[in-house]
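Engineer: Next up is a structure, given as structure tokens.
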Protein chains: 2
Amino acid sequence: MISRLIEKIQKTKAPICVGLDPMLSYIPAQVLDRAFEEKGQNPEGAAEAVWQFNKAIVDATWDLIPSVKPQIAMYEQFGIPGLMAYEKTVRYCQEKGLVVIGDAKRGDIGSTSAAYATGHLGSVKIGEKEFPAFNTDMVTVNPYLGTDGVKPFVDACNQFDKGIFVLVKTSNPSSGEFQDRKIDGRPLYELVADKVMEWGAGSMDGEWSNVGAVVGATYPAMIAELRGLMPRTFFLVPGYGAQGGTAEDLKLAFDKDGLGAIVNSSRGIIAAYKKDTYAKFGAEHFAEASRQAVMDMIADIGSVL
Amino acid sequence: MISRLIEKIQKTKAPICVGLDPMLSYIPAQVLDRAFEEKGQNPEGAAEAVWQFNKAIVDATWDLIPSVKPQIAMYEQFGIPGLMAYEKTVRYCQEKGLVVIGDAKRGDIGSTSAAYATGHLGSVKIGEKEFPAFNTDMVTVNPYLGTDGVKPFVDACNQFDKGIFVLVKTSNPSSGEFQDRKIDGRPLYELVADKVMEWGAGSMDGEWSNVGAVVGATYPAMIAELRGLMPRTFFLVPGYGAQGGTAEDLKLAFDKDGLGAIVNSSRGIIAAYKKDTYAKFGAEHFAEASRQAVMDMIADIGSVL
């Protein structure tokens, strides 16, 4: 799977993914109103608005980008209708040829992680037939439970040609509370990085492993250090834009060929029309504002590679 | 919420919860066949079987127990129909008066954790109305992202009178890989324990905090240590039975009044009819086997308190 992602990155010259993390407050009134009229002002209506919003943004950007990253929490908050919108979004993006990274941060004890891996990357056997569920191309994984919690996801990568990104150093302000604490002189995130390389060694897909790492754009020194430590591990880099990470901050996530990372932006793209820079598009043309924001992000990141 | 759980524990004299983690392989043929006939041999049929299986076990045990812990991964693997069975199970158990602990192990950066907290403990605002989604009474939370990833769940506890159990020391074989590593001479799980107490200090509900901890039954020495360290933190203790933890192992999770912990058993209860001890019930009477297994578990744990 990672080789497919890289191929698409090279084709689009855009090492980015668009974070499809819709909050109701991002969705323009005309989209909300239409959805509420059709389905009611309830979770079904909200989920319809989310789906229509996503679809418009995907339609306006898919030819420029290799991948999207829907954050499942934003759908889960609406319960079943929300998760149906998640599934619909995943399918639609895949039809458009995009690599879909499900940002689910799942992780549990072995047998339970196996169920998550089945639900998000694989397929469940019922009788003699296999049924995929959410069937994203890649998914994010939480490492706190250790090897037996991550291994089922790695197995799913190998069995179904999928990929994962394991949380190593996250982009949020509190990420250092545990992740930066020193163990035998090295921060915890480095120990996690060691394990990620170990887990991914048997999952090479060309030059890179299908087992990648999440490394936040908001901690540039650590990005550089982790890039050196993990030469064959692809990075998913959240935190660009709205969270404060700049292109200069994250250039060290890339190798000398400009490969090795995919940078996510969510709010900065999908709610672009709300920013002064793109205000001229107006709420009516929110998807065009997103397209312009994608082009600007590609240029911004391209300028440092 | 924790005071409600404690009240129910005292009434039933059973500090246990039944883990509703159905695998298809646990479900007797007659339940599977009927569900497949009705809904097809597909995820809808599997989800129907899961629901019917859960309902039978709940009907056979609800009067003996204070709580259940459905593991959402086991439902998520079937996609939307599976999650509908999860929701149906949660609602049914709540109608029976049980405290429902959603074992979801969610955790993300602040704004995303807020969406998870909304989906699992709170309600989402659409227009002027609030809509709950999965609406479990308590939920498990992963601490790897630190305070800003956990805080939204604590806020939801305070706003909606709910509870959480934060992963401190998990029951699985690899849990020590990161959790046991020493930081300034103390294992990581102790640092997490410190934070859990800090997060929970503003969420006292009687003698105990609504912010609890997951502490695995498979590591008795650590249970004892953590009980001492966290005097007002309620423990959710997985790992009893099938995973190897014994009543003797986990008695140190309780305080001198026999309070302070709730012990989970999943396979050992819901698939009891498959064990030699309960084989006499036969697959036809699987729910009665579960009832007997619950009574035996209560007696076993009662014997050490």
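Bear in mind these aren't lab numbers, they're just calculated from the coordinates by the rules spelled out. These numbers come from a predicted model, not from an experiment. Because the Cβ atoms are built from the backbone with ideal geometry, glycine has one as well, and the counts that use them run over all protein chains shown.
Engineer: Rounded to whole Hz and in sequence order, give me ³J(HN,Hα) for the stretch B:61-72 from the Karplus expression 6.51 cos²θ - 1.76 cosθ + 1.60, θ = phi - 60°, writing x for Gly and Pro.
Structural biologist: 10, 4, 6, 9, 10, x, 7, 10, 9, x, 8, 5
Engineer: Specify the residue with the greatest mean-square fluctuation among A:G176, A:G102, A:G268, computed from a Gaussian network of chain A linking alpha-carbon atoms under 10 Å apart.
Structural biologist: A:G176
Engineer: Here's a follow-up. Let me see the P(r) profile for the stretch B:239-305: every Cα-Cα distance counted, bins of 5 Å, each bin given as a percent of all pairs.
Structural biologist: Going from the shortest bin to the longest, the percentages are 3, 18, 27, 21, 15, 9, 5, 2, 0.
Engineer: With all pairs of different alpha carbon atoms counted, what Kirkwood hydrodynamic radius in Å does the stretch A:1-148 show?
Structural biologist: The answer is 16.3 Å.
Engineer: Quote the charge dipole size of the stretch B:104-183 about the Cα centre in Debye, to the nearest 20; the model charges only the Cβ of Lys and Arg (+1) and of Asp and Glu (-1).
Structural biologist: 200 debye
Engineer: Let me ask you something else. Search the structure for amide H atoms under 5 Å from the amide H of A:D21, placed 1.01 Å from N in the peptide plane, and list their residues when 5 or more places away or on another chain.
Structural biologist: A:Q71
Engineer: Further question on the same structure: Over 19 Å between C-alpha atoms is what I'm after, so list which of A:K88/B:K105; A:K151/A:K195; A:K13/A:K251; A:K169/A:K251; A:K11/A:K274; A:K55/A:K96 land there.
Structural biologist: From A:K88/B:K105; A:K151/A:K195; A:K13/A:K251; A:K169/A:K251; A:K11/A:K274; A:K55/A:K96, over 19 Å: A:K88/B:K105; A:K11/A:K274.
Engineer: With the dipole of chain B worked out from charges on the C-beta (+1 for Lys and Arg, -1 for Asp and Glu) around the Cα centre, which of B:S266, B:T118, B:G302 lies farthest toward the positive end?
Structural biologist: Value computed over the given set: B:G302.
Engineer: May I pose another question? Rounded to the nearest 0.05, what FRET efficiency do B:S25 and A:K280 give with R0 = 56 Å and r taken as the Cβ-Cβ distance? Could you check?
Structural biologist: Here the calculated transfer efficiency is 0.40.
Engineer: Next question, about the same structure. Based on the Cα coordinates of the stretch A:151-233, what is the per residue volume of their convex hull in Å³?
Structural biologist: So the per-residue hull volume is 93 Å³.
Engineer: Amide H of A:I183: which non-local residues (sequence gap of 5 or more, or other chain) have their own amide H closer than 5 Å, using H built in the peptide plane?
Structural biologist: Those lying under 5 Å, H to H, from A:I183 are A:L188.
Engineer: Now for a different question. Using each residue's phi in the stretch A:74-89, evaluate 6.51 cos²θ - 1.76 cosθ + 1.60 at θ = phi - 60° and report the 3J(HN,Hα) Karplus result to the nearest Hz, with x for Gly and Pro.
Structural biologist: With coefficients 6.51, -1.76 and 1.60, one gets 5, 8, 4, 5, 9, x, 4, x, x, 5, 5, 5, 4, 4, 4, 5 Hz.
Engineer: For chain A, what's the radius of gyration and Dmax over Cα atoms, in angstrom?
Structural biologist: Spelled out, the Cα radius of gyration and Dmax of chain A are 18.8, 60 Å.
Engineer: Work through the residues other than A:I80 whose Cβ is under 14 Å from its Cβ and net out their charges, Lys, Arg +1 and Asp, Glu -1.
Structural biologist: -3
Engineer: Sort B:I16, A:I298 by Cβ crowding within 10 Å, fewest neighbours at the top.
Structural biologist: By the 10 Å Cβ count, ascending, the order reads A:I298, B:I16.
Engineer: Also, I was wondering about something else. Nearest-5 percent of antiparallel DSSP beta bridges in the stretch B:2-302?
Structural biologist: 25 percent
Engineer: Net charge near B:A35, counting Lys/Arg +1 and Asp/Glu -1 over other residues with Cβ under 12 Å of its Cβ?
Structural biologist: Local charge sum for B:A35: -2.
Engineer: What translational D, rounded to a whole number of µm²/s, comes out for the stretch B:94-139 from Stokes-Einstein when the hydrodynamic radius is the Kirkwood one over Cα pairs, at 37 °C and 0.692 mPa s?
Structural biologist: D = 289 µm²/s.
Engineer: For A:R186, place a label point 7 Å from Cα along the Cα-to-Cβ direction in every copy; what are the distances to the other copies, in nm, shortest first?
Structural biologist: Taking the point 7 Å beyond Cα along Cα→Cβ, the inter-copy spacings are 2.4 nm.
Engineer: Pop out the ³J(HN,Hα) list for the stretch A:175-191 in order, Karplus 6.51 cos²θ - 1.76 cosθ + 1.60 with θ = phi - 60°, rounded to Hz; leave Gly and Pro as x.
Structural biologist: 3J(HN,Hα) across the stretch A:175-191, in whole Hz: 4, x, 3, 10, 5, 8, 5, 8, 10, 6, x, 10, x, 3, 4, 6, 5.
Engineer: Mind telling me which of A:T277, A:T118, A:T136 comes out most flexible in a GNM of chain A, alpha-carbon contacts under 10 Å?
Structural biologist: In the Gaussian network model the winner is A:T277.
Engineer: For A:S171, what residues show an amide H to amide H distance below 5 Å, using hydrogens built from the backbone and excluding near sequence neighbours?
Structural biologist: Under 5 Å from the amide H of A:S171 lie the amide H atoms of A:G216, each far enough along the sequence or on another chain.
Engineer: Picking from A:G239, A:G282, A:G82, which is most flexible by a Gaussian network model of chain A using Cα springs under 10 Å?
Structural biologist: Sorting by GNM fluctuation, first place goes to A:G282.
Engineer: Under a point-charge model restricted to the Cβ atoms of Lys and Arg (+1) and Asp and Glu (-1), what is the dipole moment magnitude of chain A relative to its Cα centre, in debye to the nearest 20?
Structural biologist: Once rounded to the nearest 20, the dipole reads 180 debye.
Engineer: Label position 7 Å from Cα toward Cβ: report the copy-to-copy distances for B:E128 in nm, one decimal, ordered from shortest.
Structural biologist: Computed spacing set for this position: 5.9 nm.
Engineer: Tell me, what is the Rg over Rh of the protein assembly as shown, with Rh the Kirkwood radius over Cα pairs?
Structural biologist: That ratio equals 0.96.
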